[in-house]
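A short worksheet on the structure shown next.
Read-outs throughout are calculated quantities, based only on the coordinates presented, and are distinct from any laboratory measurement. This is a predicted model, so every value here is computed, not measured. Glycine gets a Cβ as well: all are built from the backbone with ideal geometry, and neighbour counts include every protein chain shown.
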Amino acid sequence: MKKPSLCSSEIVYRGFFDIRKDRIMRADGESFDYTCMVLAVDAVAVVAQTTDGLFIMNREYRQAAGEWVLGCPGGRLEKDEDPIKGGQRELFEETGYWSDEISILGCCYPLPSLLDQKIYFLHAKNAALKSKQHLDPFEFIDIELKTQNQIEKEIREGTNIDSIMCAALWYKSLASC
């Protein structure tokens, strides 16, 4: 299948993420504008477990949703940062926990219709508390240790859930098979 041709591209907004407007042309010659978000770096989501097997979860205030949302630690990678190193860094900054036993479960594009970012899903085993949190000014995160049953119960009950966490847990369940 042939990709549409790119006629023009311009950044129409710069900020935490950029917004780009592309003019693309289909094979039949019809052209139209397409708007997307540009982050230019990938991200990680970490399914982290303590030595007791409890999941280290974030209850994070998300301004866009205006709600506290249950999710897993993670965030944007630095330019050219290795996903495993970035996952260790994000886990440590957001929770104070550290793991040397961390592996990649898989990766995907979470919203390819609007966003250029790929997310790597990681599993961190035997994480131990080493420090207090080191949060960015816009991060509001409470740490919760949960069993898998407690997480599944919150999902079933309709708690505010980050869909990235659901994808991360799904990748983890595939690795356990």
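Express in whole angstrom the spacing between the alpha-carbon centres of region 133-177 and region 1-79.
When both Cα centres are located, 19 Å separates them.
Among the listed pairs Lys3/Lys153; Lys2/Lys85; Lys79/Lys125, give every one whose C-alpha distance is greater than 32 Å.
Listed pairs above 32 Å: Lys3/Lys153; Lys2/Lys85.
Please sort by residue number the trypsin sites (Lys or Arg not before Pro) in region 1-84 whose DSSP state is loop and whose Cβ has at most 13 other Cβ atoms within 10 Å.
Lys2, Arg14, Arg26, Lys79
Quick one: plug the Kirkwood hydrodynamic radius of the chain (C-alpha pairs) into Stokes-Einstein at 4 °C, 1.567 mPa s, and report D in µm²/s.
D, rounded to a whole number, is 73 µm²/s.
Tell me, what is the FRET efficiency for Arg14 and Glu101 to the nearest 0.05, using R0 = 45 angstrom and their Cβ-Cβ distance as r?
Given R0 = 45 Å and the Cβ-Cβ separation, E is 0.70.
Between Leu77, Leu129, Leu91, which gets the highest mean-square fluctuation from a Gaussian network model of the chain, Cα cutoff 10 Å?
Leu129
Suppose only helical runs count, i.e. DSSP H with n ≥ 4. What mean residue ellipticity at 222 nm does that imply for the chain under -39500 (n - 2.57) per run, divided by all residues and rounded to the nearest 500 deg cm²/dmol?
Per the formula, -6500 deg cm²/dmol.
For the chain, modelled as a GNM with alpha-carbon contacts under 10 angstrom, which of Ala127, Ala27, Ala43 fluctuates the most?
Highest fluctuation of the listed residues: Ala27.
Under a GNM of the chain (C-alpha, springs under 10 Å), which listed residue has the highest mean-square fluctuation: Lys153, Lys85, Lys118?
With Cα springs under 10 Å in the chain, the top fluctuation among Lys153, Lys85, Lys118 is at Lys153.
Mind pulling the angle between the C-alpha long axis of helix 163-176 and the longest principal axis of the chain? Nearest 10 degrees, somewhere in 0 to 90.
Result, in degrees: 70.
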